[in-house]
Amino acid sequence: MSRGAILERLSAMREFVEQLRRYKGASFEEFSADPTLRAAVERFFQLAIEAALDVSNMLCRELGLRRPGEGRESILALGRAGVLPPEFAERFAPVASFRNILRLREVANRP
């Protein structure tokens, strides 16, 4: 993996987070009642998480860290190696599971 690929994924992640910020003012009621709003937020959240996991996996490969299993493990490996603050890695790692939940919802909601 090249540095360019990592920077590209980080840029994409920033873009997805910016899109999410557009919906920051929506209430829970609006979110619950509007399937288009909910789908947009869920999708941008999923894409941001996937970009973060991609970067995490790329960095693990670049640094020669033990080949992680799922995305959660790559985040924790970066924390153990000191690339990420260990406390942050512990708090952030569960997003990989949340990404899986979003994927399952996406599949379940297909016609």
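For residues in segment 65-111 being among the basic types (Lys, Arg) and surrounded by 19 or more Cβ atoms within 10 Å (Cβ to Cβ), which is modelled with the lowest pLDDT? Step by step, filter segment 65-111, then rank; the result is Arg99.
For every residue, the table says whether it meets (1) among the basic types (Lys, Arg); (2) in contact with a Leu (Cβ under 7 Å, 6 or more places away or on another chain); (3) in a helix (DSSP H, G or I).
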{"position": "Glu42", "(1), (2), (3)": "no, yes, yes"}
{"position": "Leu53", "(1), (2), (3)": "no, no, yes"}
{"position": "Glu62", "(1), (2), (3)": "no, no, yes"}
{"position": "Leu65", "(1), (2), (3)": "no, no, no"}
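Mind counting the residues in segment 1-22 that are within 17 Å of Phe98 (Cβ to Cβ) and either without any contact (Cβ under 8 Å) to a residue 12 or more places away in the chain or aromatic (Phe, Trp, Tyr) (or both)? So the count comes out to 1.
Within segment 20-40, none of the residues are within 26 Å of Arg3 (Cα to Cα) and not hydrophobic (A, V, I, L, M, F, W, C). Scanning segment 9-38 for residues that are of a type in the set (Gly, Ala, Ser), part of a helix (DSSP H, G or I) and over 18 Å from the mean Cα position of the chain (by Cα), we see that the one that is modelled with the lowest pLDDT is Ser32. For segment 67-94, the set of residues classified as among the charged types (D, E, K, R), farther than 23 Å from Ala12 by Cβ and in a helix (DSSP H, G or I) consists of Arg80, Glu87, Glu90, listed by residue number.
The values are calculated or read from the model by the stated rules, or taken from the named source; none is laboratory data. Quick caveat: nothing in here was measured; it's all calculated off a predicted structure. No Cβ is skipped: glycine too gets one built from the backbone with ideal geometry, and neighbour counts run over all protein chains shown.
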